[in-house]
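Presented below is the structure to which this report refers.
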C-alpha cells in the first residue's frame, strides 16, 4: 500500500515538473520580413483571369500609396515592399502562394487578399502561422467572426451590403418581390445568407433563387427560372462578365426589374462590360445598382479621394481611378499608419497589438477607422451607387418614397 | 464458516465481477461505436446528398431527384435501405421504395432549427430494422426540404462485428476463469487451513496441560514459521511454569518481613502528622490576619495571577464581583465585565506592564459606575516576586479619584479667572490714569480752538468792514486805491483763507470731540466698579427711556419692534449702567443695519426688535437687528477692549467690552449673541431677579 502511494506521488511530481518546464520555455519572437531598410508584405490575389481586374487594381491602389511613402523616406526609414503572386481566383493556388510567402519568402505580414472562396480556403493556414493579415477584398462573415487575433479588415461585410440593398429596395422603394442569382460557391452563399437574414427581419423570403457556376457565361436556364416568377428586384452575386450578360439578356427578354450587386463585382469593370460590351440602353441605367464599401473616388469632398486620384495619375496614368483601387489605397494607408505607430522596433506581435488599439483614426474619408478586441473591422457602413450617363457607378444618397 | 470456503467465495466472486465488467464495457463500446458511425459517416453521407440536390428540390425537379437518389441507393445497396426526399411543405419529392411507402416515414422529423444539422431515429419495425437519418436540405439559411436516409442496422452491426466477436469471447473466457479460478482457490485454501487445523489441535492439548505433544508441520511458508514459533512457545511455557512454582515458596517469607517494617513506618507517620496540624493552625491564623488587613481597605483590591485569574480579593471587590457576574474568576470579568483582557491604547492592562517592567505602575482609567456616571479610577498595581526575583503575582487596587480630579480642575479654573480679573483691573487703572492726564489738555485745546474759530469770524467781519470803507472812500474822493487793496488780498490769499480756515478749525474740533469721547468712555469703564448698593429697577422702563434717548441714532436706519413682558419683575441693578449697556447694543444694531445698506447700496429701513422676558430666576433682554451679522473670525474678539469693525471716527471699540464688564462682572449676569452673516444678530443679556 505504502509503495503504491509513494509511486503515485512520484508520478504526480514528474507531471508537475514537466508542466513547469513548459511554462518556463521562453517565447522568442523572430522578426521576419523586416530589415534595416525594408519591410516586406505578401499578397496572393487574382492578377489574371475573369477576376484579374480586381486583384490588379486592388494591389495598384495600395502600391501607389506605398510608392509615395517610400519616396518620402519610408516608415521609420524602411521602404515598404510588396511580394504578390497570382492565384487567378483559384483557392488551391491561394493556399500554395500563401505557404510560399510565409515559409520561403518569410514576409512580415500578408496584405490585400482578393475573393471569398480563396480567402476562406486559406484562413486555417494563416491562422496557424499567426502572421498578421490586413485587408480582404471580400465581406465574408466567416473571416470576421469569430474574431481571430491576426485577421484585420477595413471594409464592412457582405451582410452589411445585403442589409443595405434590402433596406433600399424593401424599406425605401417598397419592392417586396426579391429574386437572388448567386455564384455557386462560398462567395455566393455568403451574400445569399446576408440577403435571407435581411429579408427575414422584414418577414420576407426571396421569391426565387438560382445559382450559376463560377466562371460560366451560360445563364439561359437561370434567366428562365428567375423570371418564371414575378420579381421587382434581382439581387445578383458574382463577377462582372456573367452579371452584365444576365442583365442584357433579361432586358432582351422584356424584363425590366431593378438589378443590384455587391462591391466585389468591380464597379468600373462592370460598368465597362454593361455599357461597352453588352451595350445596355442608357434609359435602363438607373435601375442598375452596386452597393459600395468605400466612397466615390472622384468625390471632391474627401481628402483621401483627391489624394488617391492625384497619385493614381502620377504612378499609373493609364489606369482610370476606381472603387477597387481606392479601397486598396485606403488599406495601405491604415497599414502605414499602424507601422508608424508601432515604432522602429517592429515585430508581428507589436504590430497586431498596435492595430487593435487604433481608435477613430481619420483616413480622409468621412468615416473614421476603429478597431477593438471584439471587432477587427475598421469601417462600418456602406454606400449606394447607380450607373449614370457618365458610364460610372456614382454614389447617391437614397431618399424614402413618400406616397 | 470455514476459512477455506470464505477464501474460495471471495476469489470466485472477484473473478466473476471482473468478467462481467469486461463484458459490459466492451458491449458499451460496441454501442458507442455504432452511434458514432451513424453520427459521422452516415450523417455526412446524408448531408452530401442533401447539398447535391438542393437546387433540384428548389426547382421541384422530381424526376432528377428520383434518379439521383436511386443512383446513391444502388451505389450503396447493402447499407442504404431507402432514401426519401420531401420539400418544405413535407410533400414527397422522391423516394426509393419499390412498393408502398411505409407509414412510419411520415412520422419522422421534418423541420429543423438553424442550429440543428441532423436527427437520428431508430425504426425497429420488423421489415425495416433501420436507423433513419434525417438531414435538412438548405439554401443559405432557409430550409427547402428534408432528406431521410435509412441505414440498415444489420450493415452497421457488421462493421462492428470483430468487436462483437471479441465481446463474446470475453464472456466465454470469463466463465472459464470463474470455474478454474474457483477450483484453484479451493485447493489452495484447503492446503493452508490443513496446517492451521493441526495447530489448533495442539493448542487444545496444551490447554489441557499436556505439553509433550509434538508438531509435525514441515512446510517452509508462513504457516511453517508459525508452527516453529508455536513449538518454541510451548517450550517457554514449560520453563516458566517451573520458575513460578519456586517463586511462590519464596514469596510467603518476603511478605512476613515486609509487614513488620510497615508497622514501624506507621508509627513515625503518626508523629509527623501532629506537627503538621500545628503548622496548619499557624497558617490559618496568618491567612485570617491577611484577610482582615485586606478587607480594611474600602476600595477593591485584588491579587491577580499571570493568567488574569484572581488569587485573592477583599470584601469590596467581592461585592463588585457578585454585582457583575457572580462567580467569575478573571480580573477583566470581575472588574470590567468584559470577556477579553484589556489591552487597547487607551485601556492599558496593568498586569501586562507589571509583569513586563517588574515595577509598580499607576494608570488612570475612565469607567462608568452602576448609575452611568463617569468616574476616574486610578489603578495601582504592584508586583509580587518569588525568591528568584521573578514576578509571580500582582496586587491591584482600584481607587476612585473622580472627586480629587474635579477639585484640581476647579482650582485651575479659579486661577485662570483670577488672572483675567487682574489683567482687566490693571487695564482699568491704566485707562483711568491716561484718561485723567489727557482730559485736562484736551479740555483747553478744545476751548481754545472754539475760541479761535469764533474770533476768526469777527476778524473776517472786521476786514470786510475795512474793505467797504475803502470802497466808499474811493467813491467819495476818487483816490485810486482799489489796485493796492487787490494786491494785498492776493498776497495774503485772502479769499482762500476766508474759505478754508473755519473749515480746518471745525475739523480740529471734531477730532478733539472724538478723542474726548474715547477718553470719557475709558473713564466710564474705569469707574465701573463703584460699590454702591444696587436698587430694584424696572427694566422695561429702562428700555423705553433708552430708546427715546437714542432715537437720533436709529430713526433713519430702522423701525423698532417691542415685545416687552408686562409681568417682568423688578431687578436689582445699577440702572445707569444697564441703560449704558442697552444704549450700546441699540447703537450697534443701528450701525449694523446701516453697514448692510452701505454694502448692498440700498436704503431700506431695517428692524430692531427689543424683547424682555422671564427666564427661570433671571430676566432676559434681547436686541435683534437685521444687519450684516458678525463674521466668524470676529466672533471671539467681540467683547475685547478696543476691538471694532467700524470706521475710526465711528467706534471706540469699548461698547461691548463695557457691556460685558457691566453685565457679567458687575451684575453676575450673562451676555451672548446669536448671529448669521447677512441675516442679522441678536444680543441677549440676563440679570438675576434676586
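The values are calculated or read from the model by the stated rules, or taken from the named source; none is laboratory data. Note that this is a predicted model, so its numbers are computed, not measured. Using ideal geometry, Cβ is built from the backbone for each residue, glycine included, and neighbour counts are taken over all protein chains shown.
Only residues that are buried (at least 20 other Cβ atoms within 10 Å of the Cβ) and assigned to a helix (DSSP H, G or I) were counted in the stretch A:199-214, giving 1. Within the stretch B:121-138, the set of residues being touching a helix residue (DSSP H, G or I) at 6+ places or on another chain (Cβ under 7 Å), buried (at least 16 other Cβ atoms within 10 Å of the Cβ) and either free of Cβ contacts under 8 Å to residues at least 24 places away in the same chain or more than 24 Å from residue B:60 (Cα to Cα) (or both) comprises B:123, B:130, B:131.
When residues in the stretch B:589-609 are screened for being buried (at least 20 other Cβ atoms within 10 Å of the Cβ) and touching a helix residue (DSSP H, G or I) at 6+ places or on another chain (Cβ under 6 Å), 2 of them pass. Mind listing just one residue for me: the one in the stretch A:230-239 that is free of Cβ contacts under 8 Å to residues at least 60 places away in the same chain and more than 12 Å from chain B (Cβ to nearest Cβ) and, of those, surrounded by the most Cβ atoms within 10 Å (Cβ to Cβ)? The residue in question is A:238. Just one of the listed residues (A:59, A:110, A:54) is buried (at least 19 other Cβ atoms within 10 Å of the Cβ) and part of a strand (DSSP E or B), and it is A:110. Checking the stated criteria, residue B:141 turns out not to satisfy the condition of being within 24 Å of residue A:198 (Cβ to Cβ) and surrounded by 18 or more Cβ atoms within 10 Å (Cβ to Cβ). The set of residues from the stretch A:199-229 being in contact with a helix residue (DSSP H, G or I) (Cβ under 6 Å, 6 or more places away or on another chain) and away from chain B (no Cβ under 11 Å) comprises A:202, A:217, A:219, A:223. When the stretch A:277-303 is filtered for residues that are surrounded by fewer than 16 Cβ atoms within 10 Å (Cβ to Cβ) and either in contact (Cβ under 8 Å) with a residue 60 or more places away in the chain or in a loop (DSSP other than H, G, I, E, B) (or both), the ones remaining, listed by number, are A:279, A:281, A:282, A:286, A:300, A:301, A:303.
Assuming residue A:155 fulfils every condition listed in (1) within 24 Å of residue A:221 (Cβ to Cβ); (2) crowded, with 24+ Cβ neighbours inside 10 Å; (3) more than 12 Å from chain B (Cβ to nearest Cβ) apart from one, which condition is it? Status for residue A:155: all satisfied but (1). Could you tell me whether the stretch B:583-600 includes any residue that is in contact (Cβ under 8 Å) with a residue 40 or more places away in the chain and in a loop (DSSP other than H, G, I, E, B)? Within the stretch B:583-600 (the criterion being in contact (Cβ under 8 Å) with a residue 40 or more places away in the chain and in a loop (DSSP other than H, G, I, E, B)), the answer is no, since none of the residues qualifies.
Anything in the stretch A:374-393 that is more than 20 Å from the chain's Cα centre (by Cα) and either on the phi < 0 side of the Ramachandran plot or surrounded by 21 or more Cβ atoms within 10 Å (Cβ to Cβ) (or both)? List them, or say none. Those that are more than 20 Å from the chain's Cα centre (by Cα) and either on the phi < 0 side of the Ramachandran plot or surrounded by 21 or more Cβ atoms within 10 Å (Cβ to Cβ) (or both): A:386, A:387, A:388, A:389, A:390, A:392. Once the stretch B:30-54 is narrowed to residues that are crowded, with 18+ Cβ neighbours inside 10 Å and within 14 Å of chain A (Cβ to nearest Cβ), the residue that is farthest from residue B:95 (Cα to Cα) is B:54. Residue-level check: of (1) out of contact with any strand residue (DSSP E or B) (no Cβ under 9 Å at 6 or more places or on another chain); (2) over 29 Å from residue A:68 (Cβ atoms), residue A:311 misses just (2).
In the stretch A:226-271, the residue that is nearest to residue A:284 (Cα to Cα) out of those that are in a loop (DSSP other than H, G, I, E, B) and in contact with a strand residue (DSSP E or B) (Cβ under 6 Å, 6 or more places away or on another chain) is A:257. Any chance the stretch A:87-97 includes a residue that's under 16 Å from residue A:333 (Cβ atoms) and either in contact (Cβ under 8 Å) with a residue 40 or more places away in the chain or under 18 Å from the mean Cα position of the chain (by Cα) (or both)? Checked the stretch A:87-97: no residue is under 16 Å from residue A:333 (Cβ atoms) and either in contact (Cβ under 8 Å) with a residue 40 or more places away in the chain or under 18 Å from the mean Cα position of the chain (by Cα) (or both). Look at (1) in a helix (DSSP H, G or I); (2) more than 30 Å from residue B:15 (Cβ to Cβ) and you find that residue B:210 fails only one, number (1).
Apart from one condition, residue B:78 fits all of (1) within 30 Å of residue A:212 (Cβ to Cβ); (2) loosely packed, with under 15 Cβ neighbours inside 10 Å; the exception is (1). Screening the candidates B:299, B:308, B:332 for the property of being within 27 Å of residue B:357 (Cβ to Cβ), within 32 Å of the chain's Cα centre (by Cα) and at pLDDT 80 or above yields one hit, B:308. For the structure I just gave you, tell me whether residue B:19 is more than 30 Å from residue B:161 (Cα to Cα) and assigned to a helix (DSSP H, G or I). No, not satisfied.
For the stretch B:92-105, the set of residues classified as modelled with pLDDT of 85 or more and either buried (at least 16 other Cβ atoms within 10 Å of the Cβ) or in a strand (DSSP E or B) (or both) consists of B:92, B:93, B:94, B:95, B:96, listed by residue number. Between A:271, A:282, A:260, the distinction of being away from chain B (no Cβ under 14 Å), more than 25 Å from residue B:56 (Cα to Cα) and modelled with pLDDT under 90 belongs to A:282 only.
When the stretch A:172-198 is filtered for residues that are touching a helix residue (DSSP H, G or I) at 6+ places or on another chain (Cβ under 9 Å), assigned to a helix (DSSP H, G or I), more than 9 Å from chain B (Cβ to nearest Cβ) and farther than 16 Å from residue A:116 by Cα, only A:198 remains.
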